[in-house]
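Accompanying notes for the structure given below.
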Amino acid sequence: MANQEIEKKFLVKGDFKPFVVKETRITQGYLSSVPERTVRVRIKGEKGFLTIKGIGNASGASRFEWEREISIEDAKELLELCEPGVIDKTRYIVKADGDLVFEVDEFYGDNNGLTVAEIELPTEDTPFTKPEWLGEEVTGDVKYFNSMLMKNPYKNW
């Protein structure tokens, strides 16, 4: 389904793990990492996905996103074609206000030590409560995009 993705991204400064309701290991790579059209291959748990994202708007919070589930076999084959720098992380789900959730990504490998939280919103100005463990907002800061973390990993900062 094609749609606009509206999300805000934050650094994590405290212990969010007591609030986790679900966790999933994710491996992903990029067939194209140019900002105008990133093409991502992802294995999330036991499922494969192909995702295309467009460039963000002025605030960096909103952009086009298209995603389809593909077989895990296809995803593994496509990962072999990806640009160097596969991303490995665990995604934790933490409930927020109403139906909203935080997706907290704890990175491994060359990005070990980096933990970021994203919240997907129905509109850019939807209010939400910021938990104590949520740190500085980094929405729109390209160095925190997964497609950039594979090129300039956290260990190099």
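Miscellaneous remarks
- Considering segment 61-79, the residues that are in contact with a Phe, Trp or Tyr (Cβ under 8 Å, 6 or more places away or on another chain) and of a type in the set (A, V, I, L, M) include one that is farthest from Arg42 (Cα to Cα), namely Ile70.
- Complete set of residues in segment 131-148 that are assigned to a loop (DSSP other than H, G, I, E, B) and either free of Cβ contacts under 8 Å to residues at least 24 places away in the same chain or more than 17 Å from Tyr92 (Cβ to Cβ) (or both): Val138, Thr139, Gly140, Asp141, Phe145
- Selected residue [over 20 Å from Pro35 (Cβ atoms) and within 16 Å of the chain's Cα centre (by Cα)] from Val142, Val116, Val101: Val101
- Members of segment 1-50 that are modelled with pLDDT of 95 or more, over 17 Å from Lys89 (Cβ atoms) and not small (Gly, Ala, Ser): Lys8, Lys13, Asp15, Pro18, Phe19, Val21, Leu31, Val39, Leu50
- Residues (small (Gly, Ala, Ser) and touching a residue at least 40 places away in the same chain (Cβ under 8 Å)) located in segment 84-122: Gly85, Gly109, Gly113, Ala117
- Residue that is nearest to Gly109 (Cα to Cα), among those in segment 40-86 that are assigned to a strand (DSSP E or B) and small (Gly, Ala, Ser): Gly48
- Candidate set from segment 7-40 (those that are among the aliphatic types (A, V, I, L, M) and touching a strand residue (DSSP E or B) at 6+ places or on another chain (Cβ under 7 Å)); member that is nearest to Leu81 (Cα to Cα): Leu31
- So Glu106, is it acidic (Asp, Glu), touching a strand residue (DSSP E or B) at 6+ places or on another chain (Cβ under 7 Å) and either part of a loop (DSSP other than H, G, I, E, B) or farther than 20 Å from Gln28 by Cα (or both): no
- Some residue of segment 64-78 being among the basic types (Lys, Arg), farther than 24 Å from Tyr154 by Cβ and either modelled with pLDDT of 95 or more or touching a helix residue (DSSP H, G or I) at 6+ places or on another chain (Cβ under 7 Å) (or both): yes
- Some residue of segment 63-85 being more than 16 Å from Ser32 (Cβ to Cβ), among the hydroxyl-bearing types (Ser, Thr, Tyr) and buried (at least 18 other Cβ atoms within 10 Å of the Cβ): no
The values are calculated or read from the model by the stated rules, or taken from the named source; none is laboratory data. Bear in mind the structure is a predicted one, so any value in this text is a computation, not a measurement. Ideal geometry is used to build each Cβ from the backbone, glycine not excepted, and the neighbour counts take in all protein chains shown.
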